[in-house]
Amino acid sequence: MITAVQRAAQRNRGTLFVEDGEVLSVEAFPGEQFIMRIRAPLCAAAARPGSFVHISCDESRPMRRPMSIMRAQDDWIEILYKIVGEGLRLLSRKGPGNSISVLGPIGMPFSLSPERPNTLLIGGGVGIPPMVFVADHLRKQGASWKPLAILGSEIPFPFDVIPSSLDTPWLDARCNRSMPLLENWGVPSRLATLAGFEGCFEGYVTDLADRWLVTLSADELAKTEVYACGPTPMLKAAAALAARYELPCQVSLEEFMACAVGGCAGCAVKIETPEGPAMKRVCVDGPVFDAATVVWDS
């Protein structure tokens, strides 16, 4: 009989790769934040919105670090990270031409529902990258998809904030700052913070999302779904917001990981299943879960 662990392993067979990636470019932003582009053709070809990679920061640090994929195109992937600890500090010193071992893409991606084309993307801090990946994927699917991105940060955003030319009539016109990449794609984005950044909504991302959701008709809500990634308190609030509007919500959980391939179970979280509560591994059973099944207070 095949066990659940064996089924999980088989699910990734033929789609999980280890390759020597080459750093193509590095952009530095305030708050010790970096966007790194890495040539990793096998990973790029198989990556899906919600996938992540496990990368080696430096030869002196054997433990890999999990990183959400922000973009995957042609033969490269992009990751966004903030320095937390010596490993990521060493990674920040890598430059074009340096080699980095990449294991990925890992994890169950977001499940996109064509019957719900109004996609509300909520990203907080280093939870922003998966939302960018979803937006990139949706815009390539055609005009029927209508994503809206709401991004939050309490430190300077990891991109050059610009005024938006895309209309959001549900929001005060003074709250018009956006992410340039999404703006160029024609995807409306608005920014939330408690740090008082000019042109940003003063409050939580879920408060800003509520401002939009309350303007929707019953028919529009029936075509809306929420996708979120960020700190656990933010995800819990996003799940509660979606439940209040009776909307489906998928969350990409952030947990500390050691192996990232399901062996150590160090990233396990409690999930409600048809058979009852069960511990699921964020790395291979997730990182994306139905928000309604997550036991938030476990």
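Miscellaneous remarks
- Condition check for Leu151: more than 20 Å from Cys175 (Cα to Cα) and in the same structural domain as Gly186 (by TED's automatic domain parsing): no
- Looking across region 116-169, just one residue is among the hydrophobic types (A, V, I, L, M, F, W, C), surrounded by fewer than 19 Cβ atoms within 10 Å (Cβ to Cβ) and modelled with pLDDT under 95, and that is Ala143.
- Candidate set: region 33-51, residues that are part of a strand (DSSP E or B) and basic (Lys, Arg); chosen: the one nearest to Thr15 (Cα to Cα): Arg39
- Residue within region 65-80 that is out of contact with any helix residue (DSSP H, G or I) (no Cβ under 9 Å at 6 or more places or on another chain) and either under 18 Å from Leu253 (Cα atoms) or modelled with pLDDT of 95 or more (or both) present: yes
- Residue count, region 78-94 (criterion: surrounded by fewer than 18 Cβ atoms within 10 Å (Cβ to Cβ), among the charged types (D, E, K, R) and within 30 Å of Ser111 (Cβ to Cβ)): 1
- Cross-chain or 6+ apart pairs with Cβ under 9 Å, region 52-77 first and surrounded by 20 or more Cβ atoms within 10 Å (Cβ to Cβ) and in a loop (DSSP other than H, G, I, E, B), then modelled with pLDDT under 95 and among the acidic types (Asp, Glu): Cys57/Glu86
- Answer residue from region 24-51, given it is crowded, with 17+ Cβ neighbours inside 10 Å and polar (S, T, N, Q) and is nearest to Val161 (Cα to Cα) among those: Gln33
- Residues that are under 19 Å from Gly50 (Cβ atoms) and not in a strand (DSSP E or B), drawn from region 268-298: Val282, Cys283, Val284, Asp285, Gly286, Ala291, Ala292, Thr293
- Extreme residue, surrounded by the fewest Cβ atoms within 10 Å (Cβ to Cβ), among residues of region 188-210 that are in contact with a Ser or Thr (Cβ under 9 Å, 6 or more places away or on another chain) and closer than 22 Å to Ser144 by Cα: Pro188
- Region 278-298 residues that are outside the structural domain of Ala242 (by TED's automatic domain parsing) and within 22 Å of Ala237 (Cα to Cα), paired with ones that are outside any loop (DSSP other than H, G, I, E, B) and among the acidic types (Asp, Glu) (beta carbon under 6 Å, 6 or more apart): Thr293/Glu272
- Residue in region 254-267 that is surrounded by fewer than 20 Cβ atoms within 10 Å (Cβ to Cβ) and over 25 Å from Gly87 (Cα atoms) present: no
The values are calculated or read from the model by the stated rules, or taken from the named source; none is laboratory data. Keep in mind that what you see is a predicted model, and the values were worked out from it rather than measured. Using ideal geometry, Cβ is built from the backbone for each residue, glycine included, and neighbour counts are taken over all protein chains shown.
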